[in-house]
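Novice: Sharing a structure here in structure tokens format.
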């Protein structure tokens, strides 16, 4: 049996007004995690109101928007983080990227300004999973496109600030899944949640 873990689900779908597959998958993961005895918190990025970071100086020296302080606190609390998002124009939606740019500030996710870039990783000791839905076949994204945006997220954001290991779940042809396909993926995510994987 897996030891109890603190799990944060970050829902990165930009549409908070309509239920999408991403939401159903996050629900399934949360159900499994709760059944497995894990503590679960959630951040729904589309429900948060925050500005974009527009300059390097703002990122290095500006203040974290008040609306994002609970999200940053939840990241600090978590032992395992699961990001859910649909592939848009070959990458994560802009609102999720903007969220990550805001919360991953010097002194929290990276060392203070001037610190060695490959030295201190303040978020070390946490693992992650990236769950991505897409219209194209997942195999095409993985092999033809080399899963470039997910690899960039894993290497240049999550790995850079200390997350390891990082696993991925790529779900393709979402418009063709049907009820049976959605049920299969919900079952898979529920199992991952129970295992805190």
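Novice: For region 130-168, name all the residues that are free of Cβ contacts under 8 Å to residues at least 12 places away in the same chain and outside any helix (DSSP H, G or I).
Specialist: 146, 159, listed by residue number.
Novice: Further question on the same structure: I need the full set of residues from region 75-89 which are within 15 Å of residue 125 (Cα to Cα) and touching a strand residue (DSSP E or B) at 6+ places or on another chain (Cβ under 7 Å), in order please.
Specialist: Within region 75-89, 75, 77, 78, 79, 80, 81, 82 qualify.
Novice: So, one more: For region 28-59, which residues satisfy the criterion of being surrounded by 13 or more Cβ atoms within 10 Å (Cβ to Cβ) and either at pLDDT below 95 or over 23 Å from residue 73 (Cβ atoms) (or both)? Lay out the reasoning, then the answer.
Specialist: The first filter runs over region 28-59 and keeps only residues surrounded by 13 or more Cβ atoms within 10 Å (Cβ to Cβ), leaving 28-34, 36-46, 48, 50, 53, 58-59.
Of everything in region 28-59, those that are surrounded by 13 or more Cβ atoms within 10 Å (Cβ to Cβ) and either at pLDDT below 95 or over 23 Å from residue 73 (Cβ atoms) (or both) turn out to be 28, 31, 32, 36, 58, 59.
Novice: Ok, one more. For region 39-69, name all the residues that are under 16 Å from residue 10 (Cα atoms) and touching a strand residue (DSSP E or B) at 6+ places or on another chain (Cβ under 8 Å). Talk me through it step by step, then tell me what you get.
Specialist: So in region 39-69, the residues under 16 Å from residue 10 (Cα atoms) come out as 39-50, 67-69.
Passing the criteria: 39, 40, 41, 42, 43, 44, 45, 46.
Novice: Oh, and also: Residue check: is residue 100 modelled with pLDDT of 95 or more, in contact with a helix residue (DSSP H, G or I) (Cβ under 9 Å, 6 or more places away or on another chain) and not in a helix (DSSP H, G or I)? I'd like the intermediate steps shown before the answer.
Specialist: Values: modelled with pLDDT of 95 or more: yes; in contact with a helix residue (DSSP H, G or I) (Cβ under 9 Å, 6 or more places away or on another chain): yes; not in a helix (DSSP H, G or I): no.
It is false that residue 100 is modelled with pLDDT of 95 or more, in contact with a helix residue (DSSP H, G or I) (Cβ under 9 Å, 6 or more places away or on another chain) and not in a helix (DSSP H, G or I).
Novice: List the helices (runs of 4 or more DSSP H) inside region 1-85, counting only whole elements, that have at least 3 residues being touching a residue at least 60 places away in the same chain (Cβ under 8 Å) and touching a helix residue (DSSP H, G or I) at 6+ places or on another chain (Cβ under 9 Å).
Specialist: Values: elements: 21-35, 56-61, 69-77.
Fully inside region 1-85 and qualifying: 21-35.
Novice: Go over the candidates 90, 119, 114, 107 one by one and state the one that is at pLDDT below 95 and under 21 Å from residue 25 (Cα atoms). Full working, then the answer.
Specialist: Details: 119 fails: under 21 Å from residue 25 (Cα atoms); 114 fails: under 21 Å from residue 25 (Cα atoms); 107 fails: under 21 Å from residue 25 (Cα atoms).
So the residue among 90, 119, 114, 107 that is at pLDDT below 95 and under 21 Å from residue 25 (Cα atoms) is 90.
The values are calculated or read from the model by the stated rules, or taken from the named source; none is laboratory data. Note that the structure is predicted; figures quoted are calculated from it, not measured. Virtual Cβ from ideal backbone geometry, glycine too; neighbours counted across all protein chains shown.
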